[in-house]
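Just below is one structure, and these are the notes that go with it.
The values are calculated or read from the model by the stated rules, or taken from the named source; none is laboratory data. Just so it is clear, the model here is predicted, and its values are computed rather than measured. Cβ atoms come from the backbone with ideal geometry, glycine included; neighbour counts cover every protein chain shown.
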Amino acid sequence: QVQLVESGGGLVQAGGSLRVSCTASGRTFSSYAMAWFRQAPGKQREFVAAISSGGSTYYVNSVKGRFTISKDNAKNTVYLQMNSLKPEDTAAYYCAVKDSGIYSASPLVYKYWGQGTLVTVSS
């Protein structure tokens with residue numbers, strides 16, 4: 001059974017940094033694209049960043065230059081390093097795995113999802 005477990009969320013002041021992690025079990029995901037999405041209260045789930053099986057990365061404009069997605073295939077883990085955090089980054093962050101190596105910004109094409117980790121940025 002495939003399982004994705006996020007960790008690393010928490011409370012941070014504006015301008016601070018946080019790294020969230022997502023570890024997969026039940027399957028090796030080195031050949032598949034992985035992504036981070038987020039959902040703030042009362043809002044739709046939003047794409048944040050993705051990384052292809054080959055390591056290419058893609059970000060939503062609002063986090064470019066501040067967030068970095070990376071992965072460790074040996075650990076079956078994907079990371080999201082978040083710097084210069086803003087209050088508008090406050091949301092539950094979810095990792096997702098796609099059934100192919102090409103990344104996408106659409107949540108509809110991701111097959112596996114984690115349970116989410118909450119990131120709160122205070123002003």
Report whether or not Ala96 is without any contact (Cβ under 8 Å) to a residue 60 or more places away in the chain and surrounded by 21 or more Cβ atoms within 10 Å (Cβ to Cβ). no
Strands (runs of 3 or more DSSP E) fully within the stretch 59-108 counting 1 or more residues that are of a type outside the set (Ser, Thr, Tyr) and over 17 Å from Gly8 (Cα atoms): 91-98
Residue among Tyr94, Tyr79, Tyr58, Tyr103 that alone is at pLDDT below 95 and of a type in the set (Phe, Trp, Tyr): Tyr103
In the stretch 109-121, what residues are exposed (fewer than 15 other Cβ atoms within 10 Å of the Cβ) and either within 15 Å of Ala49 (Cα to Cα) or touching a helix residue (DSSP H, G or I) at 6+ places or on another chain (Cβ under 6 Å) (or both)? none
Looking across the stretch 1-55 at residues that are among the basic types (Lys, Arg) and closer than 21 Å to Tyr103 by Cβ, the single one that is modelled with the lowest pLDDT is Arg27
Among Ser31, Ser84, Ser52, Ser21, which is the only one that is in contact with a Gly (Cβ under 9 Å, 6 or more places away or on another chain), at positive phi and not aliphatic (A, V, I, L, M)? Ser84
